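Some notes on the structure that comes next.
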Amino acid sequence: MNIILLGPPGAGKGTQAGRLVTERGMVQLSTGDMLRAAVRSGSPVGLKAKAVMAAGELVSDAIVSALIGERLDLGDTDAGVIFDGFPRTAQQAAALDLLLEERGRALDYVIELDVDEAALTERVVGRFTCGHCGEGYHDAFKKPVVPGVCDVCASTDFRRRPDDNADTVAIRMAEYRAKTAPILPIYEARKLVRRVDGMAHIDDVARAIGAILDDRLAH
Ligand code: ADP
Ligand code: ADP
Ligand code: ZN
């Protein structure tokens, strides 16, 4: 099973991908996470990506497509892959088709998280993650059960992304509208798109995605 989670910044892609990893043993391929790791390590890719990400613009298609190709070849993706934050342009969508075809794989679904853009800035600006295990949280919508302590690993080390501020979010939204939303019709023509209400409670969004995947497995 290979699926794409598609939606603007804050739609809940990372949150839902994390659930699928825990509940179904799928592998999450987040180009945002890969790029942040590259920036931390100071690799050539990281050096190129750092300023672009800080500005809320898109990193080059060649860089992110290469990251995905390398990741698909690590050999731990047989149970299924969730593409989170990739593809983001028509060129990346074409690159993904080729990468999958070369490996004898195909896309099963493109799950579109349908969200109210006005609510997304609050989601992104209130986002933080556990610095130890990566679990995602929100100041208002998903607080740790014990304040200041990660539910999953009990770490007290939380992180906020430097690009999760209102100004950068506005640019990232504009990038989504201009470059990413236009790839939906490509997948609609191939009857791959399934729309899920991304404004519902996190658990209900997870249930809706689960039902789509179960339906696939049953047929
Ligand atoms: P994306 O990966 O699409 O940018 P995230 O999964 O990181 O989005 O979610 C953004 C923020 O919104 C996080 O802080 C997350 O806890 C919160 N969040 C995710 N899904 C929901 C939801 N359905 N309702 C309320 N808050 C949510
Ligand atoms: P979000 O889901 O909140 O938008 P991501 O973690 O997916 O954030 O991406 C963070 C930043 O990393 C983006 O604003 C962009 O600069 C870069 N990035 C991530 N994925 C891609 C991609 N597929 N193509 C180009 N740039 C990307
Ligand atoms: Zn943790």
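The values are calculated or read from the model by the stated rules, or taken from the named source; none is laboratory data. As the structure is a computational prediction, the values presented were derived from the model and not from experiment. Glycine also receives a Cβ, built like all others from the backbone with ideal geometry; neighbour counts cover every protein chain displayed. Keep in mind that these areas ignore ligands, DNA and RNA; they rest on the heavy atoms of the full protein, side chains included. Shrake-Rupley method; radii C 1.70, N 1.55, O 1.52, S 1.80 Å.
Scanning the stretch 99-132 for residues that are open to solvent by 60 Å² or more (accessible area, probe 1.4 Å) and more than 27 Å from Asp214 (Cα to Cα) returns Glu117, Ala118, Glu122, Val125, Arg127, His132.
Here is a yes/no grid of residues against (1) modelled with pLDDT under 95; (2) within 12 Å of ligand 1 (Cβ to nearest atom):
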site: Gly134; (1), (2): yes, yes
site: Tyr137; (1), (2): no, yes
site: Ala154; (1), (2): no, no
site: Asp157; (1), (2): no, no
site: Thr180; (1), (2): no, yes
site: Ile202; (1), (2): no, yes
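Of all residues in the stretch 86-98, those that are under 16 Å from Arg71 (Cα atoms) have Cβ atoms under 7 Å from Cβ atoms of residues that are among the hydroxyl-bearing types (Ser, Thr, Tyr), 6 or more apart or on another chain, in Phe86/Thr31; Gln92/Ser65; Ala95/Ser65.
Among residues of the stretch 199-217 that are more than 13 Å from Phe141 (Cβ to Cβ), those with a beta-carbon under 8 Å from a residue that is of a type in the set (Gly, Ala, Ser) and modelled with pLDDT of 95 or more at least six positions away or on a different chain give the pairs Ala208/Ala200. The requirement of being touching a residue at least 12 places away in the same chain (Cβ under 8 Å), within 12 Å of ligand 2 (Cβ to nearest atom) and open to solvent by 40 Å² or more (accessible area, probe 1.4 Å) is not satisfied by Pro182. Just one of (1) surrounded by fewer than 16 Cβ atoms within 10 Å (Cβ to Cβ); (2) farther than 30 Å from Arg216 by Cα trips up Ala189, so point out which. Result: Ala189 passes all but (2). I'd like to know if the stretch 19-29 contains one or more residues that are among the hydrophobic types (A, V, I, L, M, F, W, C), out of contact with any Gly (no Cβ under 9 Å at 6 or more places or on another chain) and surrounded by fewer than 18 Cβ atoms within 10 Å (Cβ to Cβ). Taking every residue of the stretch 19-29 in turn, at least one turns out to be among the hydrophobic types (A, V, I, L, M, F, W, C), out of contact with any Gly (no Cβ under 9 Å at 6 or more places or on another chain) and surrounded by fewer than 18 Cβ atoms within 10 Å (Cβ to Cβ).
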